[in-house]
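**Q** Below you'll find the structure I mean.
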Amino acid sequence: MAPWPWTARHLAGDEVRTRIVPWAVASPLVVVGVIALLLRLLVGPPSAGTLLSVLAGGVVSAVLLLYLSIQAADRIDEEGRHRQDTLDAARRQALHDPLTDLGNRQLFSDRLQHALARRGSHACAVLYLDLDSFKTINDVHGHAAGDTVLVEVANRLRAAVRPEDTVARFGGDEFAVLCEDLTDELNASRIADRVVSSISDRPVVTTGGREITVTPSVGIALARDEADASKLLRRADAALYRAKEGGKARSELFDERMQAQAVDTLQTEDDLSLAVAQGQLRLHYQPIVDLADGHVQGVEALLRWQHPRRGLLQPADFLPLAERSGLIVSIGAWVIAEAWRTLEGWYAEAGDDCRLTVSVNISSRQLANGELLDAIALAQPSGPAASALLVEVTEELLVADAKAGFSTLHALRTMGVRVGVDDFGRGVSSLSHLQSMPVDHVKVDRHFIAGLGLHRQDEAVVAGIIGMAKNMGVGVIAEGVETPDQLATLRRLGCDAAQGFLLGYPSPGLDLDRAVHPGPDGALHGVLDLDVSSVLPDAVPTASV
């Protein structure tokens, strides 16, 4: 039906107005005609008075019908507006960040794909940035202050870029900017410099009047011939990672050297995702030696990757990538299960004489992931091996998120899993945190061990850690012991145990009989498959590890 003048508003009630209003207007004449026809057939021609009376009744009926139809149309209009507002709000919520009102990753990706499709001879660029040490802001000043910082950063980003650029928040402290119609990379670099300056030049003032200095790192990826949005984002992310390596408050442009690294990283990530399923991961064990009598009290499980093409890879070759990609969660679950499987085998073979423990390292992703406790509960065996696993986290990680970290560690201890702090002493407030940490032992950072016998201040720090830990009933292990002088100093200071190349290299094999039944010469002789030609002080038997 063709629209009437009163339906030009395109509202939900237009259908009612289109169909009912014209009939309401014409209905009096229709009523008069019908009545006149009936009267003529029944009693003869009606009088003028009768027709006027019928017309008046028809007009009243028409007015009532018109009033009711307009009310119904207005009600339908209101319901339509409400539905549209709800739909618009849902669409906006799906495409925008609720805290900053910036676009989200979905909106950004959609606009990036359209920009790549229509860019023509001009280039477009993606600026990928995050805030340096933002986690510290949340930990020190609270999450409310962190939210204030994010909102202010979003406002400064809008002001720093051009009106036609798209600014989005990807989550956490990660932001992205899409710049279209660029002539060269210099334009993108200038925009990135403005972004860095706008955020870094003045502190953010929180609700309580506290000033917080914020700096961003920015990665830039320029698209000329490429039409792959995900590839462009990965390049910007690689450039951001390089910018962070170079320091704070700076930007880095993706280049061909990064391209080769990005391809290698992507291939390594693909390979690593298959490593667990294809049985390529290995655990090597380094002995932890009791310094009182020289027996092996346990081992630390150190991860290796037997890559099908690149050979045996050390943790530094793949663990940072596993951490960034999130693969560390599944890899960590495998490490826990494999360590416990090994412990079960040792305890089954050695029987009641076995007292060995296995220490495994936990990363920040694992500690923050709610699946850690489930993974441990799923892999935990019954019998004496159930309490022979030690979980170690770095002091820096534990202090950075003390509330969540302490809660997880308390839960682990209730499950019978012992807890240790790795790299202890590196933090500025190590000793003050020791009394509140739910731990069974600490490992003194290797930096201080390396200075024993060379720097008196290092010996003083180690002596302080050992003294306070013993007063609190916490064990002390020294890591990175490589010289007889270091070992002699540790024994003199009363350190409980030690590990390092002097005492044994990491190895896939363990001489279980010698570890459990050391004999008169201690357990260091031939415990592992590799040999270490070092002469230890007389107080500790000579090791051939």
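**Q** Tell me the residue from Ala277, Ala243 that is among the aliphatic types (A, V, I, L, M), touching a Gly at 6+ places or on another chain (Cβ under 7 Å) and free of Cβ contacts under 8 Å to residues at least 60 places away in the same chain, please. Quick ask: steps written out before the conclusion?
**A** Numbers: Ala277 fails: touching a Gly at 6+ places or on another chain (Cβ under 7 Å).
Checking each option against the conditions leaves just Ala243.
**Q** So Arg324 fits all but one of (1) within 25 Å of Ala385 (Cβ to Cβ); (2) surrounded by fewer than 18 Cβ atoms within 10 Å (Cβ to Cβ); what number is the exception?
**A** Against the list (1) within 25 Å of Ala385 (Cβ to Cβ); (2) surrounded by fewer than 18 Cβ atoms within 10 Å (Cβ to Cβ), Arg324 comes up short only on (1).
**Q** I'm trying to understand the selection: among the residues of the stretch 467-488, which are buried (at least 21 other Cβ atoms within 10 Å of the Cβ) and free of Cβ contacts under 8 Å to residues at least 40 places away in the same chain?
**A** Within the stretch 467-488, Ala469, Val476, Ala478, Val481, Gln486 qualify.
**Q** Only one of Ser387, Ser330, Ser364, Ser382 is farther than 23 Å from Gly500 by Cβ and touching a helix residue (DSSP H, G or I) at 6+ places or on another chain (Cβ under 6 Å); which?
**A** Sole residue among the options that is farther than 23 Å from Gly500 by Cβ and touching a helix residue (DSSP H, G or I) at 6+ places or on another chain (Cβ under 6 Å): Ser364.
**Q** Tell me which residues, restricted to the stretch 148-164, are touching a Cys at 6+ places or on another chain (Cβ under 9 Å) and surrounded by 19 or more Cβ atoms within 10 Å (Cβ to Cβ).
**A** If the condition is that a residue be touching a Cys at 6+ places or on another chain (Cβ under 9 Å) and surrounded by 19 or more Cβ atoms within 10 Å (Cβ to Cβ), then Val161 is the only one that fits.
**Q** Can you tell me which of Ala117, Ala144, Ala168 is at pLDDT 95 or above and assigned by TED's automatic domain parsing to the domain that holds Gly247?
**A** Answer to the check: Ala168.
**Q** For Glu392, work out the one condition from (1) modelled with pLDDT of 85 or more; (2) out of contact with any Asp or Glu (no Cβ under 9 Å at 6 or more places or on another chain) it doesn't fulfil.
**A** (2)
**Q** Of the residues that make up the stretch 209-231, is at least one assigned to a strand (DSSP E or B) and surrounded by fewer than 15 Cβ atoms within 10 Å (Cβ to Cβ)?
**A** yes
**Q** Shifting gears a bit: Here is a list of conditions, (1) modelled with pLDDT under 90; (2) of a type outside the set (D, E, K, R); (3) touching an Asp or Glu at 6+ places or on another chain (Cβ under 9 Å), and Ala498 meets all of them except one; can you say which number that is?
**A** Unmet condition: (1).
**Q** For the stretch 166-220, give me each residue that is within 17 Å of Ser133 (Cβ to Cβ), in contact (Cβ under 8 Å) with a residue 60 or more places away in the chain and of a type in the set (S, T, N, Q).
**A** Thr206, Thr215, Ser217
The values are calculated or read from the model by the stated rules, or taken from the named source; none is laboratory data. Just so it is clear, the structure is predicted and the values come from calculations on it, not from any experiment. All Cβ positions, even for glycine, are placed from backbone atoms using ideal geometry, and neighbour counts span all protein chains on display.
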